[in-house]
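Student: Starting off with a structure, shown below.
The values are calculated or read from the model by the stated rules, or taken from the named source; none is laboratory data. What you see is a predicted model; the values in this text were computed from it and never measured. Methodologically, a virtual Cβ is constructed for each residue, glycine included, from the backbone with ideal geometry; neighbour enumeration extends over all protein chains shown. Ligands, DNA and RNA are stripped out before the accessible areas are found, and what is left, the full protein with its side chains, is counted by its heavy atoms. Shrake-Rupley method; radii C 1.70, N 1.55, O 1.52, S 1.80 Å.
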Amino acid sequence: MTIVVDLDGVVWRGNEPVEGSPEAIAALRRSGHRVIFVTNNSSQPISAYLAKLASMGIPTDPEDVLSSAVAAARLLERGERALVSCAGEGVKEALANRGVILIEEGPADAVVVGWHRDFDFERLRRASLAVLGGARLIGTNEDPTYPTSEGLLPGGGAILAAVQTATGTTPVVAGKPHAPMAEALLERICDQVELVVGDRPSTDGRFAQRLGAPFGLVRSGVTAPGPVTDVPVAYDAANLSELVEKFLAEEA
């Protein structure tokens, strides 16, 4: 059985693991569950997420990490030109693996926007001109914030909103809770998703709904204590460790 687990705000905050998350993942695996990490963070190559997981005591197969960059790349075809001045290395890797031609400025078939730390007016200018010139606008995700050990930072959705506002264009969004991410995930599994765990009801919770799976909410990321009305919540816990304890207790 497959369990989908978010990364930022669930397994870690910034470079620090959320307390008990490595042990929680190990407990799920010992119980026979396949854990697939599905993240809207498109900033890093898959190898970077694998290395970070391993450094926290969570060794993981490459097929068990899926990012919104990979989902976004599926929206382009080999030989198309994608402007990537408003995206990070994860997007560039995923597009290159797809056979897409990467450009930093000029006419393009698509502009792909993802979370990165180098966003400025110049990058916004290049992206806007390409979109106004006819390029499709693709966002890896629309999360407004990004949880770190120092607090909430502007997320990929904030960057996407700038390009969207400047161009008056509605983007196609690849990441959770949208169909491209669901399709990318379902290609990797041979059974139903048993549970989706995340810290944001508007993305992780709605992704669970799209997959027809229950949603487990952890409060270690962006969602403060209090009632949740966006989506049904099957499990509500302070962190992944507490949630997994509840989940496995019900299975026993």
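Student: So which residues in segment 165-177 are more than 22 Å from Ser67 (Cα to Cα) and either without any contact (Cβ under 8 Å) to a residue 24 or more places away in the chain or not β-branched (Val, Ile, Thr) (or both)?
Tutor: Those that are more than 22 Å from Ser67 (Cα to Cα) and either without any contact (Cβ under 8 Å) to a residue 24 or more places away in the chain or not β-branched (Val, Ile, Thr) (or both): Thr165, Ala166, Gly168.
Student: Please enumerate the residues belonging to segment 203-226 that are part of a loop (DSSP other than H, G, I, E, B) and among the aliphatic types (A, V, I, L, M). Reasoning before the result, please.
Tutor: Going residue by residue through segment 203-226, those that are part of a loop (DSSP other than H, G, I, E, B) are 212-214, 219-226.
Scanning segment 203-226 gives Ala213, Val222, Ala224.
Student: Moving on to the next point. Between residues in segment 138-151 that are touching a residue at least 60 places away in the same chain (Cβ under 8 Å) and under 12 Å from Asp8 (Cα atoms) and residues that are open to solvent by 30 Å² or more (accessible area, probe 1.4 Å) and of a type in the set (Asp, Glu), which pairs lie under 8 Å by C-beta distance while being six or more apart or on different chains?
Tutor: Here the result reads Ser149/Glu16, each pair linking segment 138-151 to a residue that is open to solvent by 30 Å² or more (accessible area, probe 1.4 Å) and of a type in the set (Asp, Glu).
Student: Restricting to segment 225-252, count the residues that are hydroxyl-bearing (Ser, Thr, Tyr) and either open to solvent by 70 Å² or more (accessible area, probe 1.4 Å) or within 14 Å of Gly205 (Cβ to Cβ) (or both). First the steps, then the outcome.
Tutor: Looking only at segment 225-252, we keep the residues that are hydroxyl-bearing (Ser, Thr, Tyr), and these are 229, 235, 241.
From the residues that got through so far, the ones that are either open to solvent by 70 Å² or more (accessible area, probe 1.4 Å) or within 14 Å of Gly205 (Cβ to Cβ) (or both) too are 229, 235.
Qualifying residue count, segment 225-252: 2.
Student: Could you check segment 149-175 and list, in sequence order, the residues that are outside any helix (DSSP H, G or I), surrounded by 17 or more Cβ atoms within 10 Å (Cβ to Cβ) and in contact with an Asp or Glu (Cβ under 6 Å, 6 or more places away or on another chain)? Steps first, please.
Tutor: Step one: of segment 149-175, the residues outside any helix (DSSP H, G or I) are 149-155, 168-175.
From what's left, surrounded by 17 or more Cβ atoms within 10 Å (Cβ to Cβ): 155, 171, 173-175.
Passing the criteria: Gly155, Val173.
Student: OK, next. Check Arg219, Arg188 and return the single one that is surrounded by fewer than 19 Cβ atoms within 10 Å (Cβ to Cβ), of a type outside the set (Gly, Ala, Ser) and free of Cβ contacts under 8 Å to residues at least 60 places away in the same chain. Give the steps one after another, and end with the answer.
Tutor: Values: Arg188 fails: free of Cβ contacts under 8 Å to residues at least 60 places away in the same chain.
Of the residues listed, the single one that is surrounded by fewer than 19 Cβ atoms within 10 Å (Cβ to Cβ), of a type outside the set (Gly, Ala, Ser) and free of Cβ contacts under 8 Å to residues at least 60 places away in the same chain is Arg219.
Student: Only residues that are basic (Lys, Arg) and within 12 Å of Val228 (Cβ to Cβ): list them for segment 187-205, please. It would help to see each step written out before you state the result.
Tutor: Of all residues in segment 187-205, those basic (Lys, Arg) come to 188, 200.
Selection gives Arg200 alone.
Student: Only one of Ala82, Ala24, Ala71 is in contact with a Pro (Cβ under 9 Å, 6 or more places away or on another chain) and not basic (Lys, Arg). Can you tell me which?
Tutor: Details: Ala82 fails: in contact with a Pro (Cβ under 9 Å, 6 or more places away or on another chain); Ala24 fails: in contact with a Pro (Cβ under 9 Å, 6 or more places away or on another chain).
After applying the criteria, what remains is Ala71.
Student: Would you pick out the residues in segment 131-148 that are surrounded by fewer than 19 Cβ atoms within 10 Å (Cβ to Cβ) and over 15 Å from Asp204 (Cβ atoms)?
Tutor: First, the residues of segment 131-148 that are surrounded by fewer than 19 Cβ atoms within 10 Å (Cβ to Cβ): 132-134, 136, 144-145, 148.
Hits for segment 131-148 are Leu132, Gly133, Gly134, Arg136, Thr148.
Student: Can you find even one residue in segment 119-139 that is touching a Phe, Trp or Tyr at 6+ places or on another chain (Cβ under 9 Å), part of a loop (DSSP other than H, G, I, E, B) and either farther than 30 Å from Ile25 by Cα or modelled with pLDDT of 95 or more (or both)?
Tutor: Looking only at segment 119-139, we keep the residues that are touching a Phe, Trp or Tyr at 6+ places or on another chain (Cβ under 9 Å), and these are none.
No: segment 119-139 contains no residue that is touching a Phe, Trp or Tyr at 6+ places or on another chain (Cβ under 9 Å), part of a loop (DSSP other than H, G, I, E, B) and either farther than 30 Å from Ile25 by Cα or modelled with pLDDT of 95 or more (or both).
Student: Shifting gears a bit: Do the conditions hold for Glu16, that is, is it surrounded by fewer than 19 Cβ atoms within 10 Å (Cβ to Cβ) and more than 18 Å from Ile159 (Cα to Cα)? Reasoning before the result, please.
Tutor: On the way: surrounded by fewer than 19 Cβ atoms within 10 Å (Cβ to Cβ): yes; more than 18 Å from Ile159 (Cα to Cα): yes.
Yes.
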